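Below is one structure, written out as structure tokens; comments come after it.
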Amino acid sequence: MHEIRNPLEAVGYLIHLANQEDDPNTIHEHLHQANEQMVTVHQIAAQTLGFARIVSTVQEVDLIELAEAALRIHHRRITSQKIHLVRDFSKDAVAEIYSGEILQVVSNLLANALDALPEGGTISLRLRKRDSHVQLLVADNGHGMGPDHVARLFEPFFTTKNDRGTGLGLALSKKIIERHDGTISARSSALPRRNGTAFKISLPTKRPTRAATSEL
């Protein structure tokens, strides 16, 4: 439910925007984006329940478009918290992935960053092609964490959010990235003027085609 809540909130916001519009093209775009989020909800539910394959084959996906889709999920929170977004995207950031799964990971990282940020904070997203891999960095200038917490971030049910978190988001994200033959790592600092947290994902641009089965 924690993972599903964000795209459902995005659907509600996009439908609200569509209801305020008179231009058919703008209405169509809002509804298209709402449908995009509902697909994400379906994929998360199917993956969590373990009843269905997400997709049968990997797809070549522009990760810039995927990152923008993740930002749309959290548009309302980004706006209400007056978050400063820094986009630094390489044009050739394309990889063969299960798009719904990687969208879930990026959305979760953004949700964590927003939870850690005060009003007016900064989130930075960077995409780079590095040889046969694409690297995605999601960073914030929030309160940060000490080494003991960083070492346990990917453990199931470990959370620093008390009753606001399940402790499953990052554990699921790590499983997804590893299933893509990629890596995910974190660094954080709680030191004054150096505070903040950054997650780095590295995904191969090409990988063997194989059926996606639930391992979560």
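The values are calculated or read from the model by the stated rules, or taken from the named source; none is laboratory data. A quick note: this is a predicted structure, and the numbers were derived from the prediction, not measured. All Cβ positions, glycine included, derive from the backbone under ideal geometry; neighbour counts span all protein chains shown.
To keep it simple, each residue is scored yes or no on (1) modelled with pLDDT of 90 or more; (2) among the polar types (S, T, N, Q); (3) buried (at least 18 other Cβ atoms within 10 Å of the Cβ); (4) under 12 Å from the mean Cα position of the chain (by Cα).
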| site | (1), (2), (3), (4) |
| --- | --- |
| 58 | no, no, yes, no |
| 62 | yes, no, no, no |
| 68 | yes, no, no, yes |
| 73 | no, no, yes, yes |
| 80 | yes, yes, no, no |
| 83 | yes, no, yes, no |
| 86 | yes, no, no, no |
| 93 | yes, no, yes, no |
Study note, to complete from the structure: By residue number, the members of segment 17-30 that are exposed (fewer than 13 other Cβ atoms within 10 Å of the Cβ) and part of a helix (DSSP H, G or I) are 19, 24, 25, 28
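What tally of residues in segment 60-83 results from selecting those that are under 21 Å from residue 128 (Cβ atoms) and not β-branched (Val, Ile, Thr)?
Of all residues in segment 60-83, those under 21 Å from residue 128 (Cβ atoms) come to 60-71.
Filter again for not β-branched (Val, Ile, Thr), leaving 60, 62-63, 65-71.
Residues that pass the stated criteria total 10.
May I ask you to verify whether residue 68 is outside any strand (DSSP E or B) and without any contact (Cβ under 8 Å) to a residue 24 or more places away in the chain? I'd like the intermediate steps shown before the answer.
Working: outside any strand (DSSP E or B): yes; without any contact (Cβ under 8 Å) to a residue 24 or more places away in the chain: yes.
Answer is yes for this residue.
Counting just the residues of segment 95-115 that are small (Gly, Ala, Ser) and within 15 Å of the chain's Cα centre (by Cα), which one comes out modelled with the highest pLDDT?
The first filter runs over segment 95-115 and keeps only residues small (Gly, Ala, Ser), leaving 95, 99-100, 107, 111, 113.
From what's left, within 15 Å of the chain's Cα centre (by Cα): 99-100, 107, 111, 113.
Details: 99: 87, 100: 83, 107: 90, 111: 91, 113: 94.
So, considering only residues that are small (Gly, Ala, Ser) and within 15 Å of the chain's Cα centre (by Cα), the one modelled with the highest pLDDT is 113.
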Check your understanding: Got at least one residue in segment 193-207 being at pLDDT 95 or above, among the aromatic types (Phe, Trp, Tyr) and closer than 21 Å to residue 142 by Cα?
Key -> yes
